[in-house]
Amino acid sequence: MKASSHTQTRKRPVNLTLNEDLVLQVRQLTPNLSGVVEGLLTEFVEREMKRRCEQSKQHEATITLWNAFEEQQGAFADDYSTL
């Protein structure tokens with residue numbers, strides 16, 4: 001899933017608390033702090049979504065392996081269960 005492009009969606013004001021010195025430095029580099037932050041947030045969202053998707057695939061693979069092992073070997077608790 002790709003994050004929405006900031007040119008295609010409606011914008012809304014938000015409050016952020018940022019390091020004052022950092023903001024002064026950024027203002028010397030660009031007049032569009034909002035655009036820079038928005039671009040960085042877009043990159044973060046894309047990276048995080050990809051990481052979570054990969055993590056989910058790893059979890060699914062682990063579950064599949066564990067289920068196959070249990071099907072062949074049985075559950076460890078079976079030898080010790082008093083139920």
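Every read-out reported here was derived from the displayed coordinates using simple, explicitly stated rules and does not represent laboratory data. Worth saying up front: this structure is predicted, and the values here are computed from it rather than measured. All Cβ positions, even for glycine, are placed from backbone atoms using ideal geometry, and neighbour counts span all protein chains on display.
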Restrict the search to the range 29-83; then list the chymotrypsin sites (Phe, Trp or Tyr not before Pro) that DSSP places in a loop and that have at most 15 other Cβ atoms within 10 Å of their Cβ. Y80
For A75 and Q28 in one chain, what is 0.36 nm times their gap in residues minus the Cα-Cα distance, to one decimal in nm? 10.6 nm
Loop only per DSSP, at most 11 neighbouring Cβ atoms within 10 Å: give me the trypsin sites (Lys or Arg not before Pro) in the chain, ordered by residue number. K2, R10, K11
From the convex hull of the Cα coordinates of the chain, what is the mean projected area in square nanometres? 11.0 nm²
